[in-house]
1. Taking into account only those residues within the stretch 393-411 that are part of a loop (DSSP other than H, G, I, E, B) and free of Cβ contacts under 8 Å to residues at least 24 places away in the same chain, which is least open to solvent (accessible area, probe 1.4 Å)?
2. With a cut-off of at least 3 residues that are within 16 Å of the chain's Cα centre (by Cα) and either closer than 19 Å to Gly84 by Cα or modelled with pLDDT under 85 (or both), name the helices (runs of 4 or more DSSP H) lying wholly within the stretch 117-214.
3. For the subset of the stretch 355-392 comprising residues that are polar (S, T, N, Q) and assigned to a helix (DSSP H, G or I), which member is farthest from Ile289 (Cα to Cα)?
4. Could you list, in sequence order, all residues of the stretch 275-292 that are touching a residue at least 40 places away in the same chain (Cβ under 8 Å) and part of a helix (DSSP H, G or I)?
5. Please find, among Ser100, Ser64, Ser74, the residue that is more than 26 Å from Arg273 (Cα to Cα), of a type in the set (S, T, N, Q) and either surrounded by 19 or more Cβ atoms within 10 Å (Cβ to Cβ) or touching a strand residue (DSSP E or B) at 6+ places or on another chain (Cβ under 7 Å) (or both).
6. Collect the residues in the stretch 244-274 that are aromatic (Phe, Trp, Tyr) and either outside any helix (DSSP H, G or I) or crowded, with 24+ Cβ neighbours inside 10 Å (or both), keeping them in residue-number order.
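The values are calculated or read from the model by the stated rules, or taken from the named source; none is laboratory data. Everything quoted here is computed from the prediction, not taken from an experiment. All Cβ positions, even for glycine, are placed from backbone atoms using ideal geometry, and neighbour counts span all protein chains on display. These area figures cover heavy atoms from the full protein model, side chains too; ligands, DNA and RNA do not enter into them. Shrake-Rupley method; radii C 1.70, N 1.55, O 1.52, S 1.80 Å.
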Amino acid sequence: MNIFRDIEPQPRRSLLTLFTAGLLFWSSLASLLPTLPLYVQYVGGTKQQIGFVMGAFAIGLLLSRAQLGKLADSRGRKQVLLVGTSVAAIAPLGYLLAKSIPLLLLIRPFHGISIAAFTTAYSALVTDLSPPGKRGELIGYMSLVSPIGLAFGPAIGGFVLDWVGYTPLFGMSATFAATAVFFTSQIAEPNFADLTKSDSLSEDKNSQKYWQMLWTPRVRVPALVLLVVGLVFGTLSTFMPLFIKETQPNLNPGLFYSTAAIASFGMRVVTGRASDKYGRGLFISGGLICYVLSMLLLYLANNSGAFLISALVEGCAGGTVMPMMVTLMSDRCEPHERGRLFSLCIGGFDLGLAMAGPTLGFVAEQVGYRNMFGFAAGLAGLALLIFITQSSKGLSNSMKFAIGRGKDVYALNR
């Protein structure tokens, strides 16, 4: 990680503080991954109701992502980070009071605001601090907060639930996020944030409207690919604990997520730096292939070993696709529009998450969890096909970019 030696002391301190806040934030969210579906079932939810409750999280993302992206560009990244961590601290306490499906359906969208705010502002601030020639490397390192949090959070959440129950679990999640609020408040934004804000406000009159940006070639395809990936990931995060419980492989669901997070960690360390040399397309394609394989492995899984192998492959997929997509979009946008373009692109993922619970929950009701994961493998294959054929100008350029043989024609400072 020699890249950090080339960064000035103040930005370096901000990055380290931001990294700590990110670890706490993701640990808070991840502690509920294997436990919240069980809680919904505990209060009387059916398979489809579990899907609706878990999917409602993404409704908050969808409704807030656009405004939060604009706020990150106009008021600065730190304010949006504080919104995200504060909501993450409040929402788990709401679960303590929710003893019915309707109440959970109200709290989940509010909780979703946290990830919309934090991920948009975090990505924008890291990009602000990244040297253009080594952007993939630094973004890759800073994105490690997610797999580390996802490695410890689910396992801790699962064990706390087994040992002491739901009330201490939700209290722990709230405490993690509240500590993240403190660290976020200590972050110093870069000096050029004022220039970014003034550029954003002055250029809004002449630039494309927010939603018109979505239809530009540089944003449309990444957002569409992430929509399909969101469907796949939403299926995994919503129904995996229940599938494990049904299959009975003698496996703590938290260990599945932790195994995936460890694999994700390893991929992020390697691929960020490599993408600066070989391009983003090759690694995005490889990550999508891993999503296909992981869903197929789940379709065939019958024992704990098979589930953990699938988790490793899924971790490789998640550890490649999301950070590479963020890096791809950072290549394609100016500082004054980063918050908005990140919010649009990642908004595709949000929409996929929102749709995954109810739609794949309906599939699970009809054909069972196992066949549902087979269907998810097909969705991952569709995302791969879209990226290979549509990621650049024309089929030939798209295929070359997707296999690392061509440049990103939409990149600005490459």
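1. Of all residues in the stretch 393-411, those part of a loop (DSSP other than H, G, I, E, B) come to 393, 403-411.
Okay, now just the ones that are also free of Cβ contacts under 8 Å to residues at least 24 places away in the same chain, so 405, 409.
Details: Arg405: 193, Val409: 70 Å².
Here the answer is Val409.
2. Values: elements: 135-142, 145-164, 166-185, 193-203, 210-213.
The qualifying helices (runs of 4 or more DSSP H) are 135-142, 145-164.
3. Applying the first criterion (polar (S, T, N, Q)) to the stretch 355-392 yields 359, 366, 371, 389-392.
Filter again for assigned to a helix (DSSP H, G or I), leaving 359, 366, 371, 389-390.
Values: Thr359: 23, Gln366: 27, Asn371: 19, Thr389: 15, Gln390: 16 Å.
Out of the qualifying residues, it is Gln366.
4. At the first step, the residues of the stretch 275-292 found to be touching a residue at least 40 places away in the same chain (Cβ under 8 Å) are 275-276, 278-285, 288-289, 291-292.
Within the stretch 275-292, Ser275, Asp276, Tyr278, Gly281, Leu282, Phe283, Ile284, Ser285, Leu288, Ile289, Tyr291, Val292 meet the criteria.
5. Numbers: Ser100 fails: either surrounded by 19 or more Cβ atoms within 10 Å (Cβ to Cβ) or touching a strand residue (DSSP E or B) at 6+ places or on another chain (Cβ under 7 Å) (or both); Ser74 fails: either surrounded by 19 or more Cβ atoms within 10 Å (Cβ to Cβ) or touching a strand residue (DSSP E or B) at 6+ places or on another chain (Cβ under 7 Å) (or both).
The unique qualifying residue is Ser64.
6. The initial filter retains those residues of the stretch 244-274 that are aromatic (Phe, Trp, Tyr), namely 256-257, 265.
Those that are aromatic (Phe, Trp, Tyr) and either outside any helix (DSSP H, G or I) or crowded, with 24+ Cβ neighbours inside 10 Å (or both): Phe256, Tyr257.
Yes/no matrix, rows are residues, columns are (1) at pLDDT 85 or above; (2) assigned to a loop (DSSP other than H, G, I, E, B); (3) open to solvent by less than 10 Å² (accessible area, probe 1.4 Å):
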{"residue": "Phe19", "(1), (2), (3)": "yes, no, no"}
{"residue": "Leu23", "(1), (2), (3)": "yes, no, no"}
{"residue": "Trp26", "(1), (2), (3)": "yes, no, no"}
{"residue": "Leu29", "(1), (2), (3)": "yes, no, no"}
{"residue": "Leu33", "(1), (2), (3)": "no, yes, no"}
{"residue": "Ile50", "(1), (2), (3)": "no, no, yes"}
{"residue": "Gly55", "(1), (2), (3)": "no, no, yes"}
{"residue": "Gly69", "(1), (2), (3)": "no, no, yes"}
{"residue": "Val80", "(1), (2), (3)": "yes, no, yes"}
